[in-house]
Structures are given as structure tokens and as C-alpha cells.
Amino acid sequence: MVLTGAGPVFCAGFDRSEFAEGGMEEVFAEAIEYHRRVFTFAKPLIAAVNGPALGGGCDLAAMCDIRLAATTALFGQPQVRFGAAAAYDLMRVVLGSGAAREMCLTGRTYAAEEALAIGLVNCVVAPEELVDVARTLAGEVASLPEGVAEAAKRDFVARQPRLFES
């Protein structure tokens, strides 16, 4: 399965107005189930990050098995700048602790090439090539012998940390 954004944005994450009403804990509690479902999804997920993937959008990309980025993609956990928690455990699993700590402590934005350098994405391509590259990659996965990709994904899920369990 390929996930990508409509228009120039992959996913901006939460609507900040939800936090203005003081319901930050409630919003995050509801988000845990969504995160768990994506993180444990039974089929291989390919993120085709076509633009900004910030906050929850960065989380969504990080929860995918393979991440491709257009040169226009941006990543980060900027929500820390207004007091919302970053997804440190998830970022640590994907990036390692050093890069994850920097991302989650600074809230700064990473361009596609820097995301590649820290291991957040697998490759960077021109925006007009992104969907074709993602489809080709999805085709490669789908062309494996029957059941191989699904078995691999079950194994990945079984071995990954239980980050979004209640």
C-alpha cells in the first residue's frame, strides 16, 4: 500500500486549534489507537512523502515500512514549540537515539536530503517521479511469491517495540 498526500502536503498532523481548547490529553488519547493501527498494519506500507510531513505527519511517515521523499518534503516534530509532546519513542526506533533526541528537543524542520542522511527516508526523488517510484517499489513487493511480504510484515510487527499499546 502506498500512502501519499493530496496536493502539496503529505500530512500536517494535528489541527492546532484542538489544543487551544485545552484538550491535549484527550486528543492524544484518541490518537494512540490510530498510531497503533498504522504501526501494526498487516500489509507493507510505503510512504510517498510529497511535501511537509510535520508532527503527526512525520509520525505517519515514520510508522511506514519504507519512506520515499520528494525533494519538496519536510519532516519534523515542531509541536514541541507549543508544548505538545514529540513521538520520541517512535523516532528513536526509526532514527536511533541521537537523531531522535535532536529532532524531538529542537522541533526544527528537516529537508528531504537531511532526512535521508539521518535515515528517516530511504531515497529522495524529484516530485514528479515520486508516485511512479512508489508504485514501482510497491510492484516489486507485490511480485514476491505469495505470502512472503505478508509473512515478513507479521515478523516485523512481532519484533517491533509495543509503542502504542494501552
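Readers should treat all values here as calculations from the given coordinates under stated rules, not as data from a laboratory. Predicted, not measured: the structure shown is a model, and the values here were computed from it. Positions of Cβ are backbone-derived with ideal geometry, glycine not excepted, and every protein chain shown enters the neighbour counts.
Compute the distance in nm between two label points, each set 7 Å from the Cα along the Cα-to-Cβ direction, one at Val38 and one at Leu144.
2.2 nm
In what order do Lys153, Lys43 fall by count of nearby beta-carbon atoms within 10 Å, going from fewest to most? If you can, show how the numbers build up before the last one.
Working: Lys153 18, Lys43 11.
Ascending number of Cβ neighbours within 10 Å: Lys43, Lys153.
Under the definition of Cα pairs under 8 Å and six or more residues apart, what whole-number percent is the relative contact order of the chain?
25 percent
So which residue, out of Asp155, Asp89, Asp59, gets the largest mean-square fluctuation from a GNM of the chain using Cα contacts under 10 Å as springs?
Answer for the Gaussian network model of the chain: Asp155.
Using the count of nearby Cβ atoms within 10 Å as a rough guide to exposure, how do Phe39, Phe10, Phe156 rank from fewest to most?
Placing the least packed residue first, the sequence is Phe156, Phe39, Phe10.
Taking neighbour Cβ counts within 10 Å as the exposure measure, how do Leu163, Leu144, Leu54, Leu95 sort from fewest upward? Don't skip to the end; give the middle numbers.
Details: Leu163 16, Leu144 13, Leu54 24, Leu95 19.
Going from sparsest to densest Cβ surroundings: Leu144, Leu163, Leu95, Leu54.
Check which residues have an amide H placed less than 5 Å from Leu3's amide H, if you skip close sequence neighbours.
Ile46, Ala47, Ala48
In segment 2-159, what % of DSSP beta bridges are antiparallel (nearest 5)?
20 percent
Hey, with R₀ at 22 Å, roughly what FRET efficiency would Glu102 and Arg81 work out to, going by the Cβ-Cβ distance, to 0.05?
0.95
Gaussian network model of the chain, Cα springs within a sub-10 Å range: biggest mean-square fluctuation belongs to which of Val141, Val121, Val49?
Val141
Report the label-to-label distance for Glu129 and Ala29 in nanometres (one decimal), using points 7 Å from each Cα along the Cα→Cβ vector.
Output for this residue pair reads 4.8 nm.
Mean Kyte-Doolittle of at least -1.0 plus a Cα span of 20 Å or more along the axis: flag which DSSP H helices in the chain meet both, please.
Both cut-offs are met by 24-39.
For the chain, what does -39500 (n - 2.57) per DSSP helix run (n ≥ 4), summed and divided by total residues, give at 222 nm, in deg cm²/dmol to the nearest 500?
-13500 deg cm²/dmol
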